[in-house]
Amino acid sequence: MASFLFLSVLFSFLRFTSSIPSIGITYSSTVSPPPPPLPAKVSSLISTLKITSVRLPDPDPSLIKAFAPTNTSLFLSISNSHLPALASNGSVALSWLRRHVLPFYPRSKISLISVGNTVLDSTTIQDFSPFLLPATRNLHHALQELGINKIQISATFSFFSTITTAFPPSSAVFQQPAGDLIIKPLLQFLEQTNSSFLINIYPYNLFRLNSEIPIGFALFQDNLFNFRDDPVTGIRYFNLFAMMADAVLTAMAAMGYQNIPVVVAETGWPSGGSQAEEVEANGVYAEMYLKGLVRHLKSGAATPLKKDGVAEVYVYELMDHGGGNNERGRKWGILTENMTMKYNVEFSSGAKNSGICLVAIWLTNWLLITSMNLILGFIGVQG
């Protein structure tokens, strides 16, 4: 009986530790001067930082190839401008895969492809949303035609152009009419293909839009006033990231797709703003956010509503850009433009290893206690 009880606790503990989201990074090679580093240097740097997942918004084939010798999981994105061609002709999808996937997979560990990025944003010059679903289906069918079944196909959305509200999370639904016309059929596709829902979550942007949000609540800081209670569910939230993630899960559940994993494709805090009034865009707050995010994810409680609701989180981004259209000049990188580390943040999944160590300690203690009980029982019988 004792053995059965221990094994039950052991397996439940293992399930808990395995639900900790992986933490990745975004790397964009389309930067303004200075020129981007060589792909081999980028892959080596990311391995040195012990980051095991990388999102490539503009996946150059040479960069994909550079990750082949590593154990890094790759998340590729296809730009919005490619969607009309992908949607109109399945052969275009095959051509894209033959250039970006087939020469490198499976040595380069491509696990996920996003068809488009934030196509619902109102700031987009051209409306690519009508092409999203057919392009996604064509790419999926092309992968099947090539005999590749382990790469997920999905699409990335922005929280602000997709979800109605962050608070209370229990009231969140998808914005209409895109919710019914685009997101619901996409969720059906994701469920059928065992893929994930991808969304960008930026507490920094929500904090700037709402003056009632305390800065500590956005930065994962612990104090007596950094919490919000959902009046419907009674759940207490101690940080803005978890609240926004639960709003996404609630909106998905309202459409009947609560079991689809969520991948946070972008999150971060800028160390420099594009406007003088962005005083919260500074290196101190950026480091506080990143350390708090990593600590929160490694704790195993990605969201209060659903422990395993968030499968992966990608920090935006690896390096500062030299300008251009990078979030209107904001500095999001964990490295400077010359590849100098800006923050002391440990991204490796040490929490998973510590969980395994704890299991080992449990096992050792259980064996010692069991052995002692056997010895005492034997002595009692002899007496």
Normalise the Cα radius of gyration of segment 167-218 by 2.2 N^0.38 Å (N = residues in it) and let me know the number.
1.50
Report, by chain and number, residues whose modeled amide H sits under 5 Å from the one on S53, excluding near sequence neighbours (fewer than 5 apart, same chain).
I25, S73
With +1 on the Cβ of every Lys and Arg and -1 on the Cβ of every Asp and Glu, the dipole magnitude of segment 164-250 about its Cα centre, in debye rounded to the nearest 20, is 120
Using the Kirkwood radius built from alpha carbon pairs, what does the Stokes-Einstein equation give as D for segment 217-288 at 37 °C and 0.692 mPa s, in µm² per second?
228
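I'm a student and want to see the number: the projected area of the Cα convex hull of segment 19-372, averaged over all directions, in nm².
With every direction weighted equally, the projected area is 20.4 nm².
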Could you tell me the distance between the Cα centroids of segment 113-181 and segment 207-266, to the nearest Å?
21
Let me check against my output: what whole-number percent is the relative contact order of segment 19-372, with C-alpha pairs under 8 Å and at least 6 apart?
19
Determine the sum of side-chain charges near P103: Lys and Arg each +1, Asp and Glu each -1, restricted to other residues whose C-beta is under 13 angstrom from that of P103.
+3
Those lysines that a straight Cα-Cα span of less than 19 Å connects to K298, excepting residues fewer than 8 apart in one chain
K50, K306, K307, K352
Taking the convex hull of the alpha carbon atoms in segment 17-123, what volume per residue do you get, in Å³?
142
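A short reminder: the numbers here are calculations on the coordinates, not readings from a lab. Treat the numbers as computed from the prediction; the structure is a model and nothing was measured. Cβ atoms come from the backbone with ideal geometry, glycine included; neighbour counts cover every protein chain shown.
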